[in-house]
Structure formats: C-alpha cells, structure tokens
1. Rounded to two decimals, what ratio of Rg to Rh does the chain give with C-alpha atoms and a Kirkwood Rh?
2. How far apart, in nm, are the 7 Å Cα→Cβ label points at Arg243 and Glu196?
3. Any chance you could list the semi-axes, whole Å, largest first, of the equivalent ellipsoid that the Cα gyration tensor gives for segment 166-262, using √(5λ)?
4. In the P(r) worked out for segment 97-166, what percent of Cα pairs fall beyond 17 Å?
5. Compute the semi-axes of the equivalent ellipsoid of segment 171-213, taking the square root of 5 times each eigenvalue of the Cα gyration tensor, and list them largest first in whole Å.
6. Can you compute the radius of gyration and Dmax for segment 1-127, using only the Cα atoms, both in Å?
7. In a Debye calculation with equal point scatterers on the alpha-carbon sites of segment 205-262 and no solvent, what is log10 I(q)/I(0) at q = 0.29 Å⁻¹?
8. Can you tell me the Rg and Dmax of segment 84-125, counting just the alpha carbons, in angstroms?
Amino acid sequence: MGELTDLLSRGSLEIEGRLVDASNTTLRAEITLDGVDARCVYKPVRGERPLWDFPDGTLAGREYAAYLVSELTGWGIVPPTVLRDGPLGPGMCQLWIDEDRQRPEPLVDFVPGRRIPVGWHRVAAARDESGRPFVLAHADEPQLARMAVFDAVINNADRKGSHILSTVDGELYGVDHGVSFHVENKLRTVLWGWSESPVPDDALDVLKKLRSALDADLGADLSEHLTIRELRAMCRRVDGLLRTKVFPNPPEDWPALPWPPI
C-alpha cells in the first residue's frame, strides 16, 4: 500500500479526460513514477461546487478523511488516496480501479419483483415505465456489511450502487465520499438490507479500535480536514453502534436513498 500512495503522491500526472457524469470536476489521469504507471482519479479543489450543507473544508479533504478511517479499520474499503498538487492545483488523487478488474455482476441492482436472487436483501420497491414491479436489492456479502458499518460511521450521504466496485480478485471498494462526516444524520445508502440486524462481532471489535483511535492519532489527523463538531459527531455515531450493536434504520426526516440509487 505504501508503494501505491507513494506513486499517487509523487508521480507525474497526465490528464486523460473528464468524467462528465460527475457533479464536480473529476478527471482521470495516468500517473507515472520511476517506470511504474497506473491510472488515478484527480479531483481538484478548484473544481468543487459549493454545497450549502457542507460549508466547511473541502470535498477533497473529506475524501481523504474517509480513506484514513478506512485504513484504520483494516477493511480496505477506500482505494489508496492522497492529497497533492496537480495540473489544476491541490486536490484529491485516488487509485483508479480498472474496468477489466471489476466483476460484471453487480452486488446492488434493480431486479424483477419475483426474481430476487437467493440470499439478497430487499431494500425498496419500484416500478418501471410500464408499471412492472421491481425491487432494489443487494447481496448478503460480509464485505458489503462492513461497508454498511463504515458508511454509518462516516455518515455517507451518497452510497449509490455505482459507488461500489467489486473486483475479480474478491476485493470490494467504495468511492466518492466527498459528502460525508456531516454533524446531522444524512446517511443515504442502498445498503439498508441489514437495518436492525446485529452488527457482526468482528465489526464491533473494529469499532472499539476505531473509537480509541479517534481520541488519539487518527483524531488528530482527521482534525486537519474536519471540524471539531464533525469529529465529535462521528464519535457519537461509533458510540451508538457499540451501544446498540445493530445496524441503523433509515432516517425519517431525510431521504434514505441516494438519487439515482444505481
């Protein structure tokens, strides 16, 4: 992992193009260092659109904060991520997960109402343009459950199905964490299938480790990118998960699903 973050931090960036579906400036680039090359996502701070409910800090800083939390958990949810200068100024640089590494079968999808895969969790009902019933559902995968815990901790307001990348090597990554860590409950996710279910014991052990780290080095590192109120709110969320030992319910005063869900 250190080699990848070194490549992302010190490598030469050559922009290949812009991801036009992104709401903020999101660029794919080739990064090269000492004969080693890879692709990365580069999100310059100057390309961020101001958000009324995230007035503090930068989206790039929140992306990096999510990576720091991910690394502490040991779950490797967020791809290697750094903050660095680039062709358009300071921003976030994250390893690109190549398409040929990704599994073609989604772990979250709209499926016909009577054809939910065995073991999948139903999240929400929907209908297509012809009125045929569909269901938003996701797989019952331990890695997805860990991602749901991670999202509850960072208060992820935008966990779309397209932000979940599963690889042929069995890895599972989450991307796009710029709208996370809010003080108020803004959890929006497609991973509601475990609501009120017990959090696995191994995840609770990780949460205990995380809570201690928030009072120590991790908290100090995060304070460079998040406000004191946001850090305290995250501590409260971790404390709540450790107290109840169950996955949270969808909020009643905030849209529970991101749009579009996939």
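1. On the way: Rg = 18.3 Å, Rh = 19.1 Å.
Radius of gyration relative to Kirkwood radius: 0.96.
2. The answer from the label model is 2.0 nm.
3. Working: eigenvalues 96, 63, 57 Å².
Equivalent-ellipsoid dimensions as semi-axes: 22, 18, 17 Å.
4. On the way: 1228 of 2415 pairs.
Roughly 51 percent, rounded to a whole number.
5. 20, 16, 14
6. That works out to 17.5, 54 Å for Rg and Dmax.
7. -1.10
8. My reading of the Cα-based Rg and Dmax gives 18.2, 51 Å.
The values are calculated or read from the model by the stated rules, or taken from the named source; none is laboratory data. For clarity, every value in this text was computed on a predicted model and none was experimentally measured. Here the Cβ is made from the backbone with ideal geometry for all residues, glycine too, and neighbour counts use every protein chain on show. Ligands, DNA and RNA are excluded from the accessible area calculation, which covers all protein heavy atoms including side chains. Shrake-Rupley method; radii C 1.70, N 1.55, O 1.52, S 1.80 Å.
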